[in-house]
Amino acid sequence: MRSLVAVNPSNKNSMEYTELGSVKFGNIDILLGAVELEQPFFDVENPKNHEYILVRVTDFSCNYRDKAILLENYKSILNSDRLFVPFGSEFSAKVVAVGREVHEFNVGDRVMSDCSYPFSGKKGIYPGVATNFASLGWLRLHKKKVIKVPESLSDSEAACFSLGSQTASSMIKRSGILTNGGNPLVFSARSHTSLFIIQQLLSYGITPICLSTSEWSDTEKQKIYPSRVELASNTINSTSNNIVKQKITHVFDPFFDMNIGNALYYLQTGGTYVTCGIRDQHPLLSSDTPINAEAVIRGALEMSIVKNVSIVGNCLGSKEDLERAIQLQIRTGTSVIIDQKYQFEEVVGFLQRSFFDSSRFGKCVMSL
């Protein structure tokens with residue numbers, strides 16, 4: 001099976017691979033290539049494999065976190081004997097072997113990642129993202145790290161469903177909006193997680209206001225109808241005042257370091273602010289970080305005290321959150337928003353679009 005990897009240029013003459021181009025991450029060019037990897041031997045009788053499965057990845061995608069992880073992993077192999085490093089944190093796959101104590105899955109089942117956090121469901125098994133190396137193609141995973149793909153999702157949709165939907169489901173639950181109701185505002189509305197939040201809120205009959213820094217086409221707006229898109233501004237203008245007049249009770253924000261200042265301004269007294277991440281995850285990818293970022297965050301926290309705001313930090317979600325997201329998708333038939341699908345040789349375009357193209361709308365999916 002061919003696998004996609006980032007190749008160590010110092011050792012590229014020590015391996016057989018097909019060069020596929022490079023992508024610039026900050027001031028580092030990451031060389032990309034294809035390598036041929038045989039199916040790993042999986043001994044079902046070995047006690048170490050009793051609760052594990054071997055899967056063959058059919059499709060995978062990258063999340064925002066993968067940009068910094070790939071860059072850091074690539075830097076770490078440049079002065080080592082490592083030949084390459086794979087990448088990608090979401091996938092759909094087919095089960096090709098199961099351990100003796102695996103009764104939840106059979107050979108041939110379609111599975112996708114289960115990113116349950118802070119508990120994996122099994123002592124000794126790390127919670128969180130199932131892998132950072134989905135592009136490798138072959139994955140040996142504990143049975144708690146995957147879940148069956150429902151028939152309502154295609155392989156490409158499943159490859160970009162788990163992490164975003166699980167996070168969105170958890171954020172919505174923990175915000176309290178399903179119990180108490182409210183008028184929500186979603187920041188960075190084009191981001192993967194925000195699109196899942198918007199879709200799930202709509203499925204619950206709650207229509208959010210969606211804030212974005214870029215223009216949306218009519219087709220894109222239709223994907224989140226009847227939500228409306230407001231263009232974000234760095235200054236308090238008529239649009240900002242109009243949002244304040246909407247009496248925002250809940251704010252959902254994927255990038256607190258970028259948005260918390262405006263978010264706390266819009267949020268009414270006693271409101272709830274939920275965030276799940278940061279934009280500036282690596283120094284080499286943070287050249288446009290505002291020089292007053294710390295002051296803005298400090299001011300926002302002061303405002304949260306004055307307004308009696310509840311600030312909720314959220315990392316991924318539980319298995320129940322993912323199951324709830326799956327059932328919601330089955331019930332409503334909501335399509336996963338996919339920007340583009342890519343073939344193997346298009347990996348440069350895939351990574352460029354996934355990480356560096358602000359016009360992207362939805363997930364980019366790579367088929368293996």
I'd like the full set of residues that are under 17 Å from E90 (Cα atoms) and either surrounded by 14 or more Cβ atoms within 10 Å (Cβ to Cβ) or touching a residue at least 24 places away in the same chain (Cβ under 8 Å) (or both), limited to the stretch 115-132.
C115, S116, Y117, S120, P127, G128, V129, A130, T131, N132
State the number of residues belonging to the stretch 250-273 that are open to solvent by less than 50 Å² (accessible area, probe 1.4 Å), in a helix (DSSP H, G or I) and among the aliphatic types (A, V, I, L, M).
3
If you go through the stretch 149-160 one residue at a time, do you hit one that is at pLDDT 95 or above, open to solvent by less than 30 Å² (accessible area, probe 1.4 Å) and touching a helix residue (DSSP H, G or I) at 6+ places or on another chain (Cβ under 6 Å)?
yes
In the stretch 316-342, what residues are out of contact with any strand residue (DSSP E or B) (no Cβ under 6 Å at 6 or more places or on another chain), hydroxyl-bearing (S, T, Y) and open to solvent by less than 60 Å² (accessible area, probe 1.4 Å)?
T332, T334
Picking from V296, V244, which residue would you name as being at pLDDT below 90 and touching a Gly at 6+ places or on another chain (Cβ under 9 Å)?
V296
Of (1) part of a loop (DSSP other than H, G, I, E, B); (2) open to solvent by 10 Å² or more (accessible area, probe 1.4 Å), L202 fails just (1)
Among the residues of the stretch 172-199, which ones are charged (D, E, K, R) and open to solvent by less than 10 Å² (accessible area, probe 1.4 Å)?
none
Taking the residues in the stretch 205-228 that are part of a helix (DSSP H, G or I) and among the basic types (K, R) as candidates, determine which candidate is surrounded by the fewest Cβ atoms within 10 Å (Cβ to Cβ).
K221
Would you mention how many residues in the stretch 10-33 are closer than 21 Å to Q343 by Cβ and within 24 Å of the chain's Cα centre (by Cα)?
6
Do we have G313 as modelled with pLDDT of 95 or more, more than 17 Å from K67 (Cβ to Cβ) and open to solvent by 40 Å² or more (accessible area, probe 1.4 Å) here?
yes
Of the residues in the stretch 77-114, those that are polar (S, T, N, Q), open to solvent by 30 Å² or more (accessible area, probe 1.4 Å) and modelled with pLDDT of 95 or more come to N106
Selection over the stretch 174-195 where residues are part of a loop (DSSP other than H, G, I, E, B), in contact with a Pro (Cβ under 8 Å, 6 or more places away or on another chain) and over 18 Å from Y225 (Cα atoms) yields a count of 0
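Yes or no, residue by residue, for (1) part of a loop (DSSP other than H, G, I, E, B); (2) in contact (Cβ under 8 Å) with a residue 40 or more places away in the chain:
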{"site": "I69", "(1), (2)": "no, yes"}
{"site": "N73", "(1), (2)": "no, yes"}
{"site": "N79", "(1), (2)": "yes, yes"}
{"site": "F87", "(1), (2)": "yes, yes"}
{"site": "S92", "(1), (2)": "no, yes"}
{"site": "G108", "(1), (2)": "yes, no"}
{"site": "M112", "(1), (2)": "no, yes"}
Within the stretch 343-357, track down each residue that is more than 18 Å from the chain's Cα centre (by Cα) and either open to solvent by 40 Å² or more (accessible area, probe 1.4 Å) or at pLDDT 95 or above (or both).
Q343, E345, E346, V347, V348, G349
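The values are calculated or read from the model by the stated rules, or taken from the named source; none is laboratory data. Remember, it's a predicted structure, so these values are computed and weren't measured experimentally. Every residue, glycine among them, receives a Cβ derived from its backbone with ideal geometry; neighbour counts consider all protein chains shown. Only protein heavy atoms, including side chains, enter the accessible area calculation; ligands, DNA and RNA are left aside. Shrake-Rupley method; radii C 1.70, N 1.55, O 1.52, S 1.80 Å.
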